[in-house]
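In what follows, a single structure is set out as structure tokens and then discussed.
The values are calculated or read from the model by the stated rules, or taken from the named source; none is laboratory data. Everything numeric in this text was worked out from a predicted model, so none of it was measured. Here Cβ is always computed from backbone atoms with ideal geometry, including for glycine, and neighbour counts include all displayed protein chains.
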Amino acid sequence: MQRSKKLFLYAGSSVLGLVLPYLLATFFFMDLAADRWWFQSLGYEGYFWQRHGYQYAVFGAATLVCFALFFLNFRVSVKLINALGPAPTGTAGPGLVQRLSALIGGASIKAAVPICVLLAIVVGYPLFREWQSALLYLFAPAANVTDPLFGKDISYYLFALPFHRLVQRRLLYTLLVLTAGTALFYWAEWRARATGTGLPRAIRVHLSLLLLACAALELWDHWLVRNELVYTNTHQSFYGPGLVEVGVQLPLIWSGILLLTALTGALLAYLNWNRGRNTVAVLAALTMLAFAAGRTSLVHDLVQTYWVKPNEISSERPYIQNSIRATLNAYGLDRVETREYRL
């Protein structure tokens, strides 16, 4: 009976050892092999390997940088927590607090490494899929043509803006999770010690830096929204921003940026010196109001209906001229020589 069990295990292991590589080859490497043979038949095998090498190089560099930042944040957190000294024995506290406190011992490094790797992969994976966008962002030349609204070279809108949008949102979400986790760890250790005093200054500075990084990424998002106004396609007679976008949405975006900057400063003051709670509440309400007005269509539709529509040609004249000028420039018609003949 024992021998039959061993034979069964050997047979099962052998079958699994044969089937698993076959499945991996079928689902993961078949397309890679087919592409390689196709490029090889055209004499471009070197280009094939170079292409995949760039893809993994971009992904590896992004993942490595993100992992270094996340792991550095973890090490700083552990160092600051250890500086608090050991928790007093027999401390009574909620079970969740005690379990969270136990996670931050020296042995938690083994769990922190895979977590940091996972977060780094989450942030870096878009660059694996859009590696060409990353290379174009790094190496694309300037077009030497500027847009009439912001005065930027149009290569920014072709290469830099899509790459920034690709990275910004995922990086913001990851940093928010990281900040919340770090704050939770600090809170658990502080509660476990039950010292009755406030958080040490070094911990407050660390949390302030994380909060500042989150605010900077959110400000970056609104800056990208500002630049994306050039892609407005809601007008029937022309493409691009019009009076509503330039005269209403753009000031609202700037108001949101300024209010968010002020709110960040007020939050940092409250976190470090416990001052300005009412200021934080007022600025938070104003910031949310400005963002809601800038991101929703209510204000846009009201101005468009009651201000622009009654005299649309006159109101949109400079923006229609910008659209015509850009179209002529795109087809090289701006270099056409105009001659007048007397009849």
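Computed values, structure above
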read-out	value
Sole exception among (1) within 18 Å of the chain's Cα centre (by Cα); (2) among the β-branched types (Val, Ile, Thr); (3) not in a helix (DSSP H, G or I) for Thr234, by number	(1)
Failed item in (1) touching a Ser or Thr at 6+ places or on another chain (Cβ under 6 Å); (2) assigned to a helix (DSSP H, G or I); (3) closer than 26 Å to Arg317 by Cα, with Leu268 passing the rest	(3)
The stretch 116-144 - residue that is assigned to a helix (DSSP H, G or I) and free of Cβ contacts under 8 Å to residues at least 24 places away in the same chain and, of those, surrounded by the fewest Cβ atoms within 10 Å (Cβ to Cβ)	Phe139
Failed item, numbered, when Asp301 is tested on (1) under 35 Å from the mean Cα position of the chain (by Cα); (2) in contact (Cβ under 8 Å) with a residue 12 or more places away in the chain	(2)
Residue that is at pLDDT 90 or above, assigned to a helix (DSSP H, G or I) and farther than 23 Å from Phe70 by Cβ, where the choices are Leu211, Leu224	Leu224
Residue list for the stretch 252-276, filter: over 20 Å from His206 (Cα atoms) and of a type in the set (Phe, Trp, Tyr)	Trp254
